[in-house]
């Protein structure tokens with residue numbers, strides 16, 4: 001079997017790393033260094049010419065190590081491995097998910113441009129769009145998951161800024177409601193408004209599905225973004241982000257990353273490489289657990305509604321079509337409405353014994369939180385109402401614990417209401 005045909009999970013222990021360059025160490029060492037020594041002045045000159053885009057890299061030329069703000073072995077090997085899951089040409093890793101998201105916005109948007117985005121979004125992204133980008137003269141236009149692409153196109157035309165549309169930003173499934181957006185439809189919409197002088201890009205936040213269960217680039221997205229803190233890191237011990245796409249686009253993003261200085265460090269790179277080795281078995285266990293938890297919640301008398309991909313009905317033709325086309329799993333994220341309001345939701349959260357009351361998601365331990373007052377506290381009341389982020393909504397990130405124990409814990413906490 002040709003090595004290039006190995007599955008990603010088989011390559012996570014070795015791809016991009018040469019043990020002979022590190023004293024034969026089976027695992028990549030932590031290159032805890034700020035700078036790298038050049039063999040000659042001529043070599044240093046050549047490295048900088050490529051790093052700063054003064055010339056193209058030769059066909060057989062390797063990008064030399066200069067300074068850890070530009071490149072570091074831990075970072076480069078991690079980026080190489082991350083490309084395997086999504087089939088991307090290049091990857092850029094950041095010190096947080098928000099730094100990946102904000103760098104994409106800052107690279108591809110200018111004052112006067114139009115950003116179109118799906119709703120709901122992660123609270124930090126929502127805040128950056130509404131309270132930062134608008135201060136710099138960037139026009140914004142949101143749309144809901146239940147709106148057709150023709151309806152979105154009409155909104156773009158009516159905005160008066162159709163000729164300045166530069167980026168369509170999508171989060172699917174949406175945080176925290178699991179609402180689905182048609183990535184291929186967004187790609188077609190971008191092409192509809194693109195011209196020879198202005199290519200409209202599509203960026204997808206794929207954090208909820210991780211690299212395993214959805215591959216946006218294969219559905220027409222130009223960029224895929226992750227909070228690598230979540231499933232990729234998966235142990236609640238590292239903060240990181242990643243962006244993947246074509247060599248051309250990631251080259252631009254890495255260029256801005258160099259000058260913003262928000263690249264990930266060697267420790268972060270090393271920790272994420274460790275986590276990638278168990279990514280698939282972790283996520284598979286979480287998905288199996290989530291299915292059992294979701295079924296328990298659906299039948300519980302104190303639960304009003306469960307937002308879970310596995311419960312999408314074929315009768316909901318458009319959502320079901322998107323689900324069958326884009327997703328390879330139901331995932332491990334569940335939101336549900338308790339019967340009542342904030343008091344009842346808080347009672348449930350305060351009585352959990354095994355599941356931890358904390359934000360974030362995708363880690364080995366199960367987590368529960370209250371989106372309306374926590375992760376999405378900054379979203380306007382009007383928008384929260386429109387997106388079903390109500391006081392009775394609870395979000396669960398299902399971990400790798402025994403599912404019977406998780407169900408017991410959820411049951412006794414619901415009984416306390």
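The values are calculated or read from the model by the stated rules, or taken from the named source; none is laboratory data. Remember, it's a predicted structure, so these values are computed and weren't measured experimentally. Positions of Cβ are backbone-derived with ideal geometry, glycine not excepted, and every protein chain shown enters the neighbour counts.
Observations
- When 320, 308, 327 are screened for being on the phi < 0 side of the Ramachandran plot, buried (at least 22 other Cβ atoms within 10 Å of the Cβ) and at pLDDT 95 or above, only 308 passes.
Conditions tested, residue by residue: (1) modelled with pLDDT of 95 or more; (2) more than 28 Å from residue 33 (Cβ to Cβ); (3) assigned by TED's automatic domain parsing to the domain that holds residue 161.
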{"residue": "83", "(1), (2), (3)": "yes, no, yes"}
{"residue": "95", "(1), (2), (3)": "yes, no, yes"}
{"residue": "108", "(1), (2), (3)": "yes, yes, yes"}
{"residue": "113", "(1), (2), (3)": "yes, yes, yes"}
{"residue": "121", "(1), (2), (3)": "no, yes, yes"}
{"residue": "124", "(1), (2), (3)": "no, yes, yes"}
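- For residue 417, the stated conditions hold: it is touching a helix residue (DSSP H, G or I) at 6+ places or on another chain (Cβ under 9 Å) and either in a helix (DSSP H, G or I) or over 18 Å from residue 290 (Cα atoms) (or both).
- Filter pass, residue 51 being farther than 30 Å from residue 278 by Cβ and crowded, with 18+ Cβ neighbours inside 10 Å: yes
- Filter result for residue 64 (surrounded by fewer than 21 Cβ atoms within 10 Å (Cβ to Cβ), at pLDDT below 95 and within 16 Å of residue 258 (Cβ to Cβ)): yes
- Residue within the stretch 254-268 that is crowded, with 23+ Cβ neighbours inside 10 Å, in contact with a strand residue (DSSP E or B) (Cβ under 7 Å, 6 or more places away or on another chain) and assigned by TED's automatic domain parsing to the domain that holds residue 100 present: yes
- Candidates 197, 188, filtered to the one that is in a loop (DSSP other than H, G, I, E, B) and over 24 Å from residue 281 (Cα atoms): 197
- Those residues of the stretch 203-247 which are over 14 Å from the mean Cα position of the chain (by Cα) and assigned to a strand (DSSP E or B), in sequence order: none
- In the stretch 30-45, the residue that is nearest to residue 232 (Cα to Cα) out of those that are surrounded by 13 or more Cβ atoms within 10 Å (Cβ to Cβ) and in contact (Cβ under 8 Å) with a residue 40 or more places away in the chain is 30.
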